[in-house]
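Trainee: Below is one structure. I have some questions about it.
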Amino acid sequence: MAAILSALILPHFGWHVLFLVGVFPVILAFFIRRNLKESPTFLNNQKKADKPKVSFSRLFETPQLAGQTIGLIFMLIVQTGGYYGLMNWLPTIVQKQLGITVRGSSLWMVATIIGMCIGMLVFGNILDYFGPRKSFGCFLIGAAFVIYALIQARNMIELVILGAIVGFFANGMYGGYGAIMTYLYPADISATANNLIMNVGKAVGSFSTIVIGFLMSKYSMNVVMGFLSVMYLLSFVVMLLIPGLKEMGKKKA
């Protein structure tokens, strides 16, 4: 919706009006917070006496847990960095490369986001059926290839199609991280694990816009997109080294 609104509002009313529209999600969040109820399991756990104090150190208390936590943080850094890098810089790139307008680049963003939504729906079913290693492996390798292929687009139709495929593979797996972390960590620290890993990954990954901007000023687009592709391949290697995911796959099988 944000991408569609930007295509409609930016050319006629400017970015001030577009930012003003951002107030509506804030209002919506207020109503959700007021009316969304906690699950019975959570409420039941809250009533239990002698609840242990949760510390971040619990996520690193054994070599296996430490490696698992660091590995997942790296995967989230790549996941977030790839998303921010693509969505922040590529509209500008394709405007210059294909000579399209802001409205045209917004169409690419809409296609990418639709691909992402479909990817998340599909990934959930694949994760349930094949387990985490095969699911993440397929999407990470797919992302590495289609991200590099994106710069080969020479017209708007190719760009929209490739954008949707990039969104499918590069961002479709995002919803799976919360699911696997809930499984990989004990129930009393799963929320802590989700918050630490997700937010550290997002915080560090957000600097990708600076890194990609620097690379763009020094190197060709082939180098920049190649860098992003290699990061997804490294994430694939790290994923294979996380023992908890391998054990999770065995139990699934």
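Trainee: Those residues that are touching a Gly at 6+ places or on another chain (Cβ under 9 Å) and free of Cβ contacts under 8 Å to residues at least 40 places away in the same chain, I need them from the range 1-30; list them, please.
Mentor: Matches in the range 1-30: Ala2 only.
Trainee: On the given criteria, is Gly71 over 24 Å from Leu184 (Cβ atoms) and either touching a strand residue (DSSP E or B) at 6+ places or on another chain (Cβ under 6 Å) or not aliphatic (A, V, I, L, M) (or both)?
Mentor: It is false that Gly71 is over 24 Å from Leu184 (Cβ atoms) and either touching a strand residue (DSSP E or B) at 6+ places or on another chain (Cβ under 6 Å) or not aliphatic (A, V, I, L, M) (or both).
Trainee: For the range 1-56, give me each residue that is open to solvent by less than 80 Å² (accessible area, probe 1.4 Å), part of a helix (DSSP H, G or I) and either closer than 30 Å to Tyr185 by Cα or among the hydroxyl-bearing types (Ser, Thr, Tyr) (or both).
Mentor: Result: Ser6, Ala29, Asn45.
Trainee: Identify all residues within the range 197-224 that are under 14 Å from Ile77 (Cβ atoms) and either of a type in the set (D, E, K, R) or in contact with an Asp or Glu (Cβ under 7 Å, 6 or more places away or on another chain) (or both); write none if there are none.
Mentor: Lys202
Trainee: While we're here: Does at least one position in the range 221-242 carry a residue that is within 18 Å of Asn88 (Cα to Cα), without any contact (Cβ under 8 Å) to a residue 40 or more places away in the chain and touching a Phe, Trp or Tyr at 6+ places or on another chain (Cβ under 9 Å)?
Mentor: Yes; the residues of the range 221-242 include at least one that is within 18 Å of Asn88 (Cα to Cα), without any contact (Cβ under 8 Å) to a residue 40 or more places away in the chain and touching a Phe, Trp or Tyr at 6+ places or on another chain (Cβ under 9 Å).
Trainee: Could I ask something else about it? Hey, can you tell me all the residues within the range 145-170 that are open to solvent by 10 Å² or more (accessible area, probe 1.4 Å), in contact (Cβ under 8 Å) with a residue 60 or more places away in the chain and part of a helix (DSSP H, G or I)?
Mentor: Phe145, Tyr148
Trainee: Scan the range 22-31 for residues that are farther than 20 Å from Ser6 by Cβ and more than 23 Å from the chain's Cα centre (by Cα) and jot them down.
Mentor: Phe30, Phe31
Trainee: Here's another thing I want to ask about it. Looking at Ile189, Ile210, can you tell me which residue is of a type in the set (A, V, I, L, M) and either in contact (Cβ under 8 Å) with a residue 60 or more places away in the chain or within 13 Å of Pro132 (Cα to Cα) (or both)?
Mentor: Going through Ile189, Ile210 in turn, the sole match is Ile189.
Each row is one residue, and each column tells you yes or no for (1) surrounded by fewer than 16 Cβ atoms within 10 Å (Cβ to Cβ); (2) modelled with pLDDT under 95; (3) at positive phi.
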| site | (1), (2), (3) |
| --- | --- |
| Phe136 | no, no, no |
| Phe139 | no, no, no |
| Ala187 | yes, yes, no |
| Lys202 | no, yes, no |
| Ile210 | yes, yes, no |
| Lys218 | yes, yes, no |
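Trainee: Mind checking which residues of the range 110-125 are more than 15 Å from the chain's Cα centre (by Cα) and crowded, with 19+ Cβ neighbours inside 10 Å?
Mentor: Val110, Ala111
The values are calculated or read from the model by the stated rules, or taken from the named source; none is laboratory data. Fair warning: this is a prediction, and the values are worked out from it, not measured in the lab. So basically every Cβ, Gly included, is an ideal-geometry build from the backbone, and we count neighbours across all protein chains shown. These area figures cover heavy atoms from the full protein model, side chains too; ligands, DNA and RNA do not enter into them. Shrake-Rupley method; radii C 1.70, N 1.55, O 1.52, S 1.80 Å.
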